[in-house]
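Below is one structure; the comments refer to it alone.
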Amino acid sequence: MAIGKGIPLDSVALMSTVLEGILYGFSVLMFIGTIWALTHKRHMRDVNRPITAVAVLLFVLSTAHMVVSIIRTEEGLVQYRDRPKMLFAEISRGAFMTNGAIFVLQTLLGDGVVIYRCYIVWQTVWVIILPIMLWCGIAVTGVYSIYSFSHTTGIYGHVFSQTTREWISAFYGSTLATNLLSSGLLAYRIWKIERNVANSCATKITTTGILRVVMDAAVLYSIALLCTLIGVACSNNGTLVMLDMLTPIISITFYMVIIRIATGKNTHSHILTARHGSTTGSENDRGNLRHYPLKPLQVHISQFTHNDSAAVYKNGNLDRPSTAKSGFVEGASCDV
């Protein structure tokens, strides 16, 4: 009988449920903050419905996963307390397969959002061809992993059996590659935009904050995936703890980007307001400038706006009236 190494399975079940519950509680708070950021002081027609729908779906999936984890732990430690290890080793049971299916759906949803953001920022489909291929690989390996769970018999067909481990390794390898590639492309594009607008202080503050939170989310998710992948390769039971923790982590990484964009937009508005007030307060000093000849000032700015919370993804030009809200600005030039 080939059970995984390390922590006993009954201890793993209890530990994973507790840790998942802690992260789930944190994700609930961030979900509330995300909904507030998406709907605060907005009419219903102005709310970004696709992003809101994704946030709600992630919350529903993580909640369902948490409920099933509690039921499975209670079943193993209470109803089958005489043989909990054997029960937790049977991955063909409904609770384990249900949680596996929920996690695959949540992974596809979370990685799909990262690819979508990458496309929006780059504005070209060629950049996301490889991430989309990897995303399809996630779907295929995820489905076959669940399929392999359903065709195991007894405790010999546990999560670390040869066939199941191969599919799980391929699944986590695909999602890790997708996350690193898409997040890297997204971060590079934001960094490039920031470098092109070094003279715009307010914009630099906004893009720097977004760049940091994108990288933080990518690093958090990638480390969790890497630890899980190593655990699967080593057939360590601690992998099952990471499997349950990944579900709320996916939601958290999505929510933190939305909340940071919303707070960054508010910060940018405060900066512009402060500058306007300072300009108004110095009207008396403008008379002194009339004694000095000034050359005409012409400013041309090519603007690219990315706003998850308000569904504003468009290109514009400040030479004409535009309804686009302040976001990322690229290519500023000034002729004096």
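The values are calculated or read from the model by the stated rules, or taken from the named source; none is laboratory data. No experiment lies behind these values; they were computed from the predicted model shown. A quick note on method: Cβ atoms are made from the backbone with ideal geometry, for glycine too, and the neighbour counts reach across all protein chains shown.
Quick check on my filter: what residues within the range 12-27 are surrounded by fewer than 16 Cβ atoms within 10 Å (Cβ to Cβ) and either free of Cβ contacts under 8 Å to residues at least 60 places away in the same chain or within 21 Å of I258 (Cα to Cα) (or both)?
V18, G21, I22, G25, F26
Can you report the number of residues in the range 180-225 which are at pLDDT 90 or above, surrounded by 20 or more Cβ atoms within 10 Å (Cβ to Cβ) and either touching a Pro at 6+ places or on another chain (Cβ under 8 Å) or farther than 30 Å from L240 by Cβ (or both)?
Summing the residues that are at pLDDT 90 or above, surrounded by 20 or more Cβ atoms within 10 Å (Cβ to Cβ) and either touching a Pro at 6+ places or on another chain (Cβ under 8 Å) or farther than 30 Å from L240 by Cβ (or both) in the range 180-225 gives 2.
Kindly indicate which of L38, L29, L57, L23 is at pLDDT 85 or above and under 24 Å from I146 (Cα atoms).
Only one candidate passes the filter, namely L57.
Looking at (1) of a type in the set (A, V, I, L, M); (2) modelled with pLDDT under 80; (3) touching a Phe, Trp or Tyr at 6+ places or on another chain (Cβ under 6 Å), can you tell me which one I7 breaks?
Condition (3) is where I7 drops out.
Tell me which residues, restricted to the range 107-152, are in contact (Cβ under 8 Å) with a residue 12 or more places away in the chain, closer than 23 Å to A55 by Cβ and not hydrophobic (A, V, I, L, M, F, W, C).
Within the range 107-152, T107, G110, D111, G112, R117, P131, G142 qualify.
Quick check on my filter: what residues within the range 216-239 are hydrophobic (A, V, I, L, M, F, W, C) and in contact with a Gly (Cβ under 8 Å, 6 or more places away or on another chain)?
So in the range 216-239, the residues hydrophobic (A, V, I, L, M, F, W, C) come out as 217-220, 223-227, 229-230, 232-234.
Once the filter is applied, which keeps residues that are hydrophobic (A, V, I, L, M, F, W, C) and in contact with a Gly (Cβ under 8 Å, 6 or more places away or on another chain), the range 216-239 yields A218, L229.
So is T164 of a type in the set (S, T, Y), touching a Gly at 6+ places or on another chain (Cβ under 8 Å) and modelled with pLDDT under 90 or not?
Details: of a type in the set (S, T, Y): yes; touching a Gly at 6+ places or on another chain (Cβ under 8 Å): yes; modelled with pLDDT under 90: yes.
Spelling it out, T164 is indeed of a type in the set (S, T, Y), touching a Gly at 6+ places or on another chain (Cβ under 8 Å) and modelled with pLDDT under 90.
What number of residues in the range 90-130 are more than 16 Å from S183 (Cβ to Cβ) and not aliphatic (A, V, I, L, M)?
So the answer is 13.
Would you pick out the residues in the range 62-83 that are part of a helix (DSSP H, G or I), charged (D, E, K, R) and over 14 Å from G100 (Cα atoms)?
Of everything in the range 62-83, those that are part of a helix (DSSP H, G or I), charged (D, E, K, R) and over 14 Å from G100 (Cα atoms) turn out to be E74, E75.
Return the pairs, sorted by first residue and then second, in which the second residue is acidic (D, E), the first residue lies in the range 38-55 and is under 20 Å from S251 (Cβ atoms), the beta carbons are less than 6 Å apart, and the residues are 6+ apart or on different chains.
I51/D308
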